[in-house]
Every structure is written in structure tokens, then in C-alpha cells.
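Step one of this worksheet: look at the structure below.
The values are calculated or read from the model by the stated rules, or taken from the named source; none is laboratory data. Quick caveat: nothing in here was measured; it's all calculated off a predicted structure. Here Cβ is always computed from backbone atoms with ideal geometry, including for glycine, and neighbour counts include all displayed protein chains. The accessibility values were calculated without ligands, DNA or RNA, using every heavy atom of the protein model including side chains. Shrake-Rupley method; radii C 1.70, N 1.55, O 1.52, S 1.80 Å.
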Amino acid sequence: MGKIEENPILQKSGDDSEDQYQPVVLRDGSVWKMWYMGKNRLGQIGVMYATAPRPEGPWTKYSDAFVFFPGYNIFVSEIWKEKNVYAMALYNTEGSLASTFIARSADGIGWEADGQTLSFGDLGAWDGNTATDTDSFFLGD
């Protein structure tokens with residue numbers, strides 16, 4: 001299926017008025033939940049949130065405001081739910097360096113960063129510039 005210019009799944013407005021990209025979708029019971037990156041007219045980048053009854057929509061934005069905005073460039077890598085808590089792996093970029101961290105939420109809307117979990121190595125090391133694009137899997141209790 002290709003891009004359909006005249007029928008986007010979400011309209012741009014508010015904090016995603018300039019750009020929408022990098023969606024991560026999770027089915028939670030009978031609701032499909034999507035967190036995606038939004039960019040506003042000030043050039044700020046943050047996480048937006050929308051829900052749908054099925055993957056093809058219709059999708060409804062939770063708000064025109066970011067649900068997570070730590071104040072620097074972040075990008076969602078993945079989201080999972082464990083013991084009724086949402087976890088989001090994100091990576092931030094600071095100049096040419098990047099690192100990954102985890103944020104957690106009880107409802108998928110209010111997020112708090114756990115702190116940096118994977119950082120770049122020393123200058124000249126194999127991981128001296130970047131530690132991003134995570135993948136994880138749940139092993140159980």
C-alpha cells in the first residue's frame with residue numbers, strides 16, 4: 001500500500017504541525033495505540049499519541065500537544081507493556097553523538113525517563129558515536 005496524500009490517517013495540528021514520523025504501534029486489548037514523533041513550528045521534536053479501534057483506523061489524536069518532551073531531540077525506537085506499565089525505548093541525539101534511554105508510563109500518556117541506559121563509548125571506540133536503534137524481548141518473571 002502506498003502513501004495516500006488526500007487521506008492521511010492523522011491531520012497535522014499543534015505540536016505535530018510541521019512533521020509526523022516514526023510511528024510505533026501496540027495493540028493493547030481491543031485498542032490500537034500509536035506513539036509517533038511530531039515536530040512543531042518552533043522545530044521542537046517530541047512524542048505524540050493516538051488510538052484506533054483497528055490498525056486501519058480511524059485514528060484519533062489524544063491531544064495536539066506532546067505527551068513526552070524532555071527538551072532535546074528524541075526518537076522513539078520501540079514500546080512494550082510489562083506488568084501494566086508501558087516502557088518506551090528512545091534515543092536522543094546531541095550533535096553527532098546519540099544514546100538510548102527508557103521512559104515509563106502507567107497510562108501511555110504521562111511519561112517519566114528512567115535515565116540513560118545505553119550510552120556511546122569513548123572517542124575512537126567502535127561505539128564512540130552512537131548507541132541507538134534498540135530491540136528487546138520479554139523473558140518473563
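General remarks:
- Index of the failed condition, P53 passing every other in (1) closer than 20 Å to Y21 by Cβ; (2) modelled with pLDDT of 75 or more: (1)
- Residue within the range 53-73 that is in a strand (DSSP E or B), open to solvent by less than 60 Å² (accessible area, probe 1.4 Å) and in contact (Cβ under 8 Å) with a residue 40 or more places away in the chain present: yes
- Matching residues, the range 1-52, being of a type in the set (K, R) and either more than 28 Å from Y72 (Cα to Cα) or part of a strand (DSSP E or B) (or both): K3, R27, K33, K39
- Residue match in the range 83-91 (condition: farther than 18 Å from A113 by Cα, assigned to a strand (DSSP E or B) and either modelled with pLDDT under 95 or open to solvent by 40 Å² or more (accessible area, probe 1.4 Å) (or both)): no
- Output for the range 92-129, where each listed residue is among the aromatic types (F, W, Y) and at pLDDT 60 or above: F101, W111
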